Amino acid sequence: MDPDPSSRPGEAVTIEPQPTTEPGPRPRLLLAAAVVSAVEAVAVATYAVTIAISAASSGSVIAAAPIEVAVYLLFAAGIALVTKGVLSRRRIARAPYVLTQLFGLISGWTLVSGDGTDVHVYGWLVLVISLTGLALVMNRQVGEALTR
């Protein structure tokens, strides 16, 4: 009685190919969520560069500016990684994505509550982008697309 026919010496062993579980094309809402996140990453990085240029062009020595620029650039890099995770369909990217949108809501509300017309416009823009991102990532189609 031979328990495993593949264990006999001299016989060829055939290995059945495993079926691939390709998730298929990315849904448009998933791509839209990634675009929102990418826009946020670029916006935060641009803000950091603006702070650096402003600090460098002013005649005074501002000790906190390099630290502030570094923090914003790290945050922009984190958002970019979340974007990569969403595009890679990583389910684990959803929580940092939502957290980023919540930070955006807090920042937008702070800007809307501030002084000046320009600040209000930027605040409303941040609020709309963050709410759009939240709506996209909470969509069932996006949730099902985040499979890995």
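Can you confirm whether region 51-60 contains a residue that is modelled with pLDDT under 95, among the β-branched types (V, I, T) and over 23 Å from the mean Cα position of the chain (by Cα)? Let's see the steps before the verdict.
Restricting attention to region 51-60, the residues satisfying the condition of being modelled with pLDDT under 95 are 51-60.
If we keep only those that are among the β-branched types (V, I, T) as well, we get 51, 53.
Going one step further and asking which of them are over 23 Å from the mean Cα position of the chain (by Cα), we end up with 53.
Yes: region 51-60 contains one or more residues that are modelled with pLDDT under 95, among the β-branched types (V, I, T) and over 23 Å from the mean Cα position of the chain (by Cα).
Within the set of pairs 6 or more residues apart or between chains, which connect a residue that is under 30 Å from T110 (Cα atoms) inside region 128-148 to a residue that is among the polar types (S, T, N, Q) and part of a helix (DSSP H, G or I) with Cβ atoms less than 7 Å apart?
Close Cβ pairs (under 7 Å, with a partner that is among the polar types (S, T, N, Q) and part of a helix (DSSP H, G or I)) amount to S130/Q101; G133/S37; G133/Q101; L134/Q101.
Return the residue satisfying two criteria in turn: it lies in region 1-46 and is modelled with pLDDT of 65 or more and among the polar types (S, T, N, Q), and of such residues it is nearest to S88 (Cα to Cα).
Once the filter is applied, the top-ranked residue is S37.
Please determine, by comparing only the residues of region 113-148 that are surrounded by 14 or more Cβ atoms within 10 Å (Cβ to Cβ), under 20 Å from the mean Cα position of the chain (by Cα) and hydroxyl-bearing (S, T, Y), which one is farthest from R28 (Cα to Cα).
Ranking the candidates gives S130 first.
Checking T110 against (1) surrounded by fewer than 19 Cβ atoms within 10 Å (Cβ to Cβ); (2) part of a helix (DSSP H, G or I); (3) polar (S, T, N, Q); (4) within 17 Å of the chain's Cα centre (by Cα), which test does it fail?
So the condition that T110 fails would be (4).
Within region 50-70, how many residues are assigned to a helix (DSSP H, G or I), surrounded by fewer than 14 Cβ atoms within 10 Å (Cβ to Cβ) and hydrophobic (A, V, I, L, M, F, W, C)?
The first filter runs over region 50-70 and keeps only residues assigned to a helix (DSSP H, G or I), leaving 50-57, 65-70.
When the remaining residues are screened for being surrounded by fewer than 14 Cβ atoms within 10 Å (Cβ to Cβ), the result is 50, 53-54, 56-57, 66-67, 70.
Now drop any that are not hydrophobic (A, V, I, L, M, F, W, C), which leaves 53, 56, 67, 70.
Number satisfying all stated conditions: 4.
The values are calculated or read from the model by the stated rules, or taken from the named source; none is laboratory data. This is a predicted model, so every value here is computed, not measured. Backbone-built Cβ (ideal geometry, glycine too); neighbour counts: all protein chains shown.
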